[in-house]
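The values are calculated or read from the model by the stated rules, or taken from the named source; none is laboratory data. In this text, all values refer to a predicted model and were calculated from it rather than measured experimentally. Quick reminder, even Gly has a Cβ in these numbers, built from the backbone with ideal geometry, and neighbours come from all protein chains shown.
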Amino acid sequence: MDGAQLYLYVKIFHIVAVISWMAALFYLPRLFVYHSEYFENTGFCEVVKIQERKLFNAIGTPAMLATLLSGGTLLLLDPGIFKSGMWIHVKLLFIIFLVIFHFLCLYYMKKFAQGQMPASGKFFRFFNEIPTIALVVIITCVVLRF
């Protein structure tokens, strides 16, 4: 397998990992909305806690690590990409924002697991939009390459 072919296979893996990570980042805050809006319903909240934990630990974190490792590999295979324009730097900045968002989700998940309500359902409805905005910026960067 030559370098160009390896790059394409890593890119395929990267795209699948990104989709998996984004799915977790889209759904976990939605679970937080339900958790905060039905906080008094302990039976429901116990089920949601299990869903949150499994989503974060079994899908979200492994997908984030796979995304970062495969993305880093792509950068190592094509370091000239850093000279291709501002787009890659903006993209990397928003990836940092998504990693921070990921760990904010962990913080909120732990608060819920401790029986605390860290914020309102309304807050989490707005919080839920952050990964969508970041994804739009990242896709715009990759497609337009400004």
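Quick rundown of the values:
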| quantity | calculated |
| --- | --- |
| Check on residue 10, touching a Ser or Thr at 6+ places or on another chain (Cβ under 9 Å), surrounded by 16 or more Cβ atoms within 10 Å (Cβ to Cβ) and among the hydrophobic types (A, V, I, L, M, F, W, C) | yes |
| Residue among 54, 49 that is basic (Lys, Arg) and either over 21 Å from residue 106 (Cα atoms) or under 18 Å from the mean Cα position of the chain (by Cα) (or both) | 54 |
| Selection status of residue 96, surrounded by fewer than 12 Cβ atoms within 10 Å (Cβ to Cβ), within 12 Å of the chain's Cα centre (by Cα) and under 15 Å from residue 21 (Cβ atoms) | yes |
| Enumeration of residues in segment 112-138 that are among the charged types (D, E, K, R) and outside any helix (DSSP H, G or I) | 129 |
| Residue check, residue 109 of a type outside the set (Val, Ile, Thr), more than 21 Å from residue 136 (Cβ to Cβ), touching a residue at least 40 places away in the same chain (Cβ under 8 Å) and not in a helix (DSSP H, G or I) | no |
| Pairs where the first residue, in segment 29-58, is of a type in the set (Asp, Glu) and the second is in a helix (DSSP H, G or I) and surrounded by 13 or more Cβ atoms within 10 Å (Cβ to Cβ), C-beta under 6 Å, 6+ apart | 37/121; 52/31; 52/109 |
| Pick from segment 31-56, criterion touching a helix residue (DSSP H, G or I) at 6+ places or on another chain (Cβ under 8 Å) and of a type in the set (Lys, Arg), ranking: surrounded by the fewest Cβ atoms within 10 Å (Cβ to Cβ) | 53 |
| Of residues in segment 124-144 being free of Cβ contacts under 8 Å to residues at least 12 places away in the same chain and more than 15 Å from the chain's Cα centre (by Cα), the one nearest to residue 57 (Cα to Cα) | 126 |
| Yes/no for residue 26 being surrounded by fewer than 18 Cβ atoms within 10 Å (Cβ to Cβ), in a helix (DSSP H, G or I) and either modelled with pLDDT under 95 or touching a Phe, Trp or Tyr at 6+ places or on another chain (Cβ under 6 Å) (or both) | no |
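Residue by residue, here is whether (1) surrounded by 13 or more Cβ atoms within 10 Å (Cβ to Cβ); (2) among the small types (Gly, Ala, Ser); (3) under 25 Å from residue 7 (Cα atoms) holds:
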| site | (1), (2), (3) |
| --- | --- |
| 65 | no, no, yes |
| 70 | yes, yes, yes |
| 90 | yes, no, yes |
| 105 | yes, no, no |
| 111 | yes, no, no |
| 118 | yes, no, no |
